[in-house]
Every structure is written in C-alpha cells, then in structure tokens.
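First comes the structure, then the notes that go with it.
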Amino acid sequence: MTKQITYYSIIVILIIGLFGAGGLVLEEFKTGEGCPKLMHVPMCLVVFICFVIPLIAHLLKKWNVLYFLFTGLAGSIALVASIMQFIGHAECPKTASGTPMCYYSLVLFSSLILLKIYHLKNNNLK
C-alpha cells in the first residue's frame, strides 16, 4: 500500500511541476519574457525537461540514474535561484499571489528526490 501511495505521489508532483513549468515555457515562447535565461537558454525550459525525463523514467520503472540526474539538476537550479532571489540578486517568476516560483520548484524537486529514495528503499525491502 505504501509503495502505491509513494509511486502515485511522485506522479502527481511531477504533473504539477509540468503544468507550472509548462505555463512559463508557453509564456516564454509567446513573449520572450516568461523566465530568466542563462546563456540565452530559458531556465523554465530546462526545468520543464527536468520534469519530463523523471516522469518518463518513473512511469517506465527504470533509468533511476536519469531520474536523479534531472531532479538533482533542477533542484540545484531551484536552490541557487531561491538563494539569489532571497538575497536580492535575481528575480524568479512569481505566482499570482506574489510567491517566487523558484521556492516552489525547490520544494517540488526536494520532495521528488526524497520520495524516490523512500520508494526505492521500500521496494528493495519486499
């Protein structure tokens, strides 16, 4: 039962992330101002890809290395962006309520990493 709850929780979080990042990617393609860029690469597109690859790996129940590589990459981006936002050196896109989205990304990717570790350990016990 716990295996299923963890498995589907990961899927729900990945889908929430896809919608959040996907909205920014669409805005970026429409206006060119949807998200910050690093060397002309929109970071929201990188984060979107970092939700897609882990979703595919999780659904196929393989490629755990790719899952952790991409969630770790995006989690690192979110951590750096959150710190820079907090100290005033960067500006993350904000939700309608004014909360920087990089904070939410940090929580989502941290949750995805911890849940996957728990899920894999739980599967190896049975």
Original post:
In whole Hz, what ³J(HN,Hα) sequence does segment 43-51 give by Karplus (6.51, -1.76, 1.60; θ = phi - 60°), x for Gly and Pro?
Top reply: 5, 5, 5, 4, 5, 4, 4, 6, 9
Subject >> Relative contact order %, the chain, counting alpha carbon pairs below 8 Å whose residues are six or more apart >> reply: 26 percent
Original post:
How far is it, in nm, from the label point at Asn122 to the one at Ala90 when both lie 7 Å from their Cα along the line to the Cβ?
Top reply: 3.2 nm
Original post:
Whose amide H sits under 5 Å from the amide H of Ala90, counting only residues 5 or more places off or on another chain, with H placed in the peptide plane?
Top reply: Gln85
Original post:
Between the helical axis of 101-125 and the dominant principal axis of the chain, each derived from Cα atoms, what acute angle in degrees is found, rounded to the nearest 10?
Top reply: 10 degrees
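Which order do you get for Ile15, Ile10, Ile87 if you rank them by accessible area with a 1.4 Å probe, largest at the top?
Putting Ile15, Ile10, Ile87 in descending order of accessible area: Ile87, Ile15, Ile10.
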**OP:** Pull the list of the chain cysteines that no other Cys approaches to under 4.7 Å, Cβ to Cβ.
**Re:** Cys50
Subject >> Of all accessible heavy-atom area on the chain, the percent that carbon and sulfur account for (1.4 Å) >> reply: 72 percent
Original post:
Shape of segment 47-89 from its Cα gyration tensor (a ≥ b ≥ c, root eigenvalues): rounded if a/c is under 1.5, otherwise prolate when a/b > b/c, or oblate?
Top reply: prolate
Original post:
Rounded, prolate or oblate: which fits the chain when a ≥ b ≥ c are the square roots of the eigenvalues of the alpha-carbon gyration tensor, with rounded for a/c under 1.5 and prolate only if a/b beats b/c?
Top reply: prolate
**OP:** Using just the helices of the chain, give the 222 nm mean residue ellipticity in deg cm²/dmol: DSSP H runs with n ≥ 4 each add -39,500 (n - 2.57), and the total is spread over all residues, rounded to 500.
**Re:** -27000 deg cm²/dmol
Original post:
Roughly how many Å² is the accessible area per residue of the chain, as a whole number, for a 1.4 Å probe?
Top reply: 61 Å²
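The values are calculated or read from the model by the stated rules, or taken from the named source; none is laboratory data. This structure is a prediction, so every number in the text was calculated from the model and none was measured. Because the Cβ atoms are built from the backbone with ideal geometry, glycine has one as well, and the counts that use them run over all protein chains shown. We work out accessible area using only protein heavy atoms, side chains counted, and drop any ligands, DNA or RNA first. Shrake-Rupley method; radii C 1.70, N 1.55, O 1.52, S 1.80 Å.
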